[in-house]
Amino acid sequence: MTNGLIPKGVAHVELETTPDPEHFVFLLLPNMSMLAFSAAIEPLRIANQLTGKVLYRWTTMSEDGASVRASNGIEIGVDSPMGETKPGSYVFVCSGVEPDKATTKSAADWIRYQWRTGRVVGGLCTGAYALARAGILGGKEFTLHWENQLPFRESHPDLNVQEQLYVVDGRIMTCGGGAAATDLFLKLIYEKHGPMLSQAVLNMCLHFVHRSDGDSQTSSKSASLGIRNKKLLQIINLFDEEIEQQVDLDEIAYRVGVSRRQMERLFSHHIGRTPKRYLMDLRLQRARALMAETDLPVSEVAFACGFESTSHFSKRFRERFGVSPYSFSVSTS
């Protein structure tokens, strides 16, 4: 079944021509993000509604044709199992949590075939994991949800993941999920049908502004932490950059041009934690992300996050999360 809905609505955009409809195929993987999927498909539906024309058709697939349970627990029916797609189709993989486990060899082979036969292939949210397993990301720029970028880089150090909202690199299209899918699909509507329709779709989505592909997925450190002190932001950025190393707080203070006492005051006033505590929390959060999304042994995770020993890491991890890293690793495998 191929959908080409034209729902009724009040708003209308007149198109001078009636182009052939474009075809989109969405491969839904287990634990997919419903937000990313709906944020992608709704602009297509709205474009049809606004013009009263079938500008876009779409089909949903799963590996075996069975319904797929999204990460929020809701079960989604699909049109068919993986199969033939029309020439010129856009094929998007919709993924979500535990993306490395969601892609089977059969699905990766199917994705690779779509790529080799000339389709545009994309990934929503963490769909880049599936594209990577299909072996089609070599030499390409792409993105995925910011939460999964760190573990992805650890498991795919040779691939060129970007931190921006969405990336279009030839026939590879990816986005970080969530509302970023709307921005990517608005770009496709704009390029095919122009600014009047894309702006009308944007307004219907109450999206207000069409963000560019170069925009970041997350707010700046200044915005997310609610601080503007340049010295403090410099220190925090150095912590991020040197997290794998043994950080000397006195040396960091010297490099930024403040005293150690000034550094302590800045953290206490703006963040409510000591620099040492902030750095430890940063390392532990990174370690937790790596163990949740990769198969790295605990010893390698400890090393990658700047801990001097596995025993020290295990003690701090248990204090922070109430469970040993070994137990946590087993529970997420």
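Only the coordinates and a few stated rules stand behind these numbers; no lab work does. Treat the numbers as computed from the prediction; the structure is a model and nothing was measured. When we count neighbours, we look across all protein chains shown, and the Cβ atoms used for this are built from the backbone with ideal geometry, even at glycine.
Quick notes on this one:
- Region 90-164 versus region 287-322: alpha-carbon centroid distance in Å: 26 Å
- Residues with amide H under 5 Å from that of residue 25, placed H, sequence gap 5 or more: 59, 90, 91, 92
- Annotation: aspartates and glutamates with alpha-carbon distance below 12 angstrom to residue 101 (same-chain offsets under eight excluded): 293, 295.
- For region 130-135, the Karplus equation 6.51 cos²θ - 1.76 cosθ + 1.60, evaluated at θ = phi - 60°, returns couplings of 5, 5, 5, 5, 6, x Hz by residue, with Gly and Pro reported as x.
- Rounded tilt (10° steps) of 105-116 against the dominant C-alpha axis of the chain: 60 degrees
- Under 5 Å between amide hydrogens, built in the peptide plane, is the criterion, and for residue 160 it picks out 139, 140 among residues at least 5 positions away or on other chains.
- Here's the picture: a label point sits 7 Å out from the Cα of residue 229 along the beta-carbon direction, and within region 241-255 nothing has its amide nitrogen under 11 Å of it.
- With the simple spin-label model, which puts each label point 7 Å out from Cα in the Cβ direction, the residue 106 to residue 262 separation comes to 6.4 nm.
- Calculated FRET efficiency for the pair residue 196/residue 84, C-beta based, R₀ 30 Å, to 0.05: 0.30
- Karplus-derived 3J(HN,Hα), 6.51/-1.76/1.60, for each residue of region 166-175, Hz, glycine and proline x: 8, 9, 10, 10, x, 8, 10, 10, 9, 9
- Shown is the FRET efficiency for residue 215 and residue 245, computed with R0 = 30 Å from the Cβ-Cβ distance and rounded to the nearest 0.05: 0.50.
- Orientation-averaged projected area, Cα convex hull of region 101-197 (nm²): 6.4 nm²
- Taking each residue as 0.36 nm, the span from residue 160 to residue 278 lengthens on full extension beyond its C-alpha to C-alpha distance by 39.6 nm.
- DSSP bridge pairs, the chain: antiparallel proportion in percent, nearest 5: 25 percent
- Dimensionless Rg over Rh [region 22-204; C-alpha; Kirkwood]: 0.94
- Surface/4 estimate of mean projected area, convex hull on alpha-carbon atoms of the chain, nm²: 19.0 nm²
- Descending Cα extents along the principal axes, region 221-331, whole Å: 42, 25, 21
- For region 1-123, the alpha-carbon radius of gyration amounts to 1.10 times the rule-of-thumb value 2.2 N^0.38 Å expected for a compact globular protein.
- With at most 13 other Cβ atoms within 10 Å, longest stretch of the chain clear of loop trypsin sites (Lys or Arg not before Pro) (DSSP): 9-227
- Over all Cα atoms in region 148-246, the spread is summed up by Rg and Dmax: 17.2, 54 Å.
- Near-label residues of region 137-159 by backbone N, under 17 Å of a point 7 Å along Cα→Cβ of residue 323: none
- Axis of helix 275-293 versus longest Cα principal axis of the chain: the two differ by about 40°, to the nearest ten degrees.
- Taking θ as phi - 60° and the Karplus parameters 6.51, -1.76 and 1.60, the scalar couplings of region 266-272 work out to 4, 5, 5, 6, 8, 10, x Hz in sequence order, x denoting glycine and proline.
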